[in-house]
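Data block below; observations after.
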Amino acid sequence: QVQLVESGGGLVQPGGSLRLSCAASGFTFSSYAMRWYRQAPGKERDMVAFISSAADSTNYADFVKGRFTISRDNAKNTMYLRMNSLKPEDTAVYYCNVYRGFKDYWGQGTQVTVSS
């Protein structure tokens, strides 16, 4: 079965950096586009970044452009999100996502808190 496991979240000061990881299993990772989403308390879940299966195409939400970088290692079945210049408004639970077989799959999420 599809499994997505996020890690790398934590507490960081404004202006700091974190790298999130998403370990995937149960499907042919290299064949699927992947996405990062985030959800802040009381808000909807928003897409943060997209990466194509071969990593030859990426896309970012306007609110993270120039600060976040999505990448993947198909040999390790892992996707990453490098987050720089973090702001308090980046505080949220971050989820990785794959759309496969007409269904969305989600990890359990990893909490990112940006605070001094």
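Tabulated values for the structure
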quantity	calculated
Interchain or long-range residues, amide H under 5 Å from G16's placed H	L86
Sites matching trypsin sites (Lys or Arg not before Pro) across region 10-43 that sit in DSSP coil, with at most 16 neighbouring C-beta atoms within 10 Å	K43
Region 9-116: equivalent-ellipsoid semi-axes (sqrt of 5 x gyration tensor eigenvalues, Cα, Å)	23, 14, 12
Reachable lysines from K103, criterion Cα separation under 27 angstrom, eight or more residues apart if same chain	K43, K76
Chain lengthening between K76 and Y32 when straightened (0.36 nm per residue, less Cα-Cα)	14.4 nm
Contact order relative to length of region 7-116, as percent, for alpha carbon pairs under 8 angstrom and 6 or more apart	36
Stretchable slack from D104 to A23, in nm (0.36 nm times residue separation minus alpha-carbon distance)	27.6 nm
C-alpha center-to-center spacing [region 10-30, region 56-116] in angstrom	6
Listed residues W106, W36 arranged by accessible area, highest first, probe 1.4 Å	W106, W36
For region 63-116, convex hull of alpha carbons as volume per residue, Å³	111
Heavy-atom accessible surface of the chain: percent carbon and sulfur, 1.4 Å	45
Prolate/oblate/rounded call for region 1-61, Cα gyration tensor, a/c under 1.5 rounded	prolate
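The values are calculated or read from the model by the stated rules, or taken from the named source; none is laboratory data. Remember, it's a predicted structure, so these values are computed and weren't measured experimentally. For neighbour counting, all protein chains shown are included, and Cβ atoms are generated from backbone atoms with ideal geometry for every residue, glycine included. Surface accessibility is based on the protein's heavy atoms, side chains included, excluding ligands, DNA and RNA. Shrake-Rupley method; radii C 1.70, N 1.55, O 1.52, S 1.80 Å.
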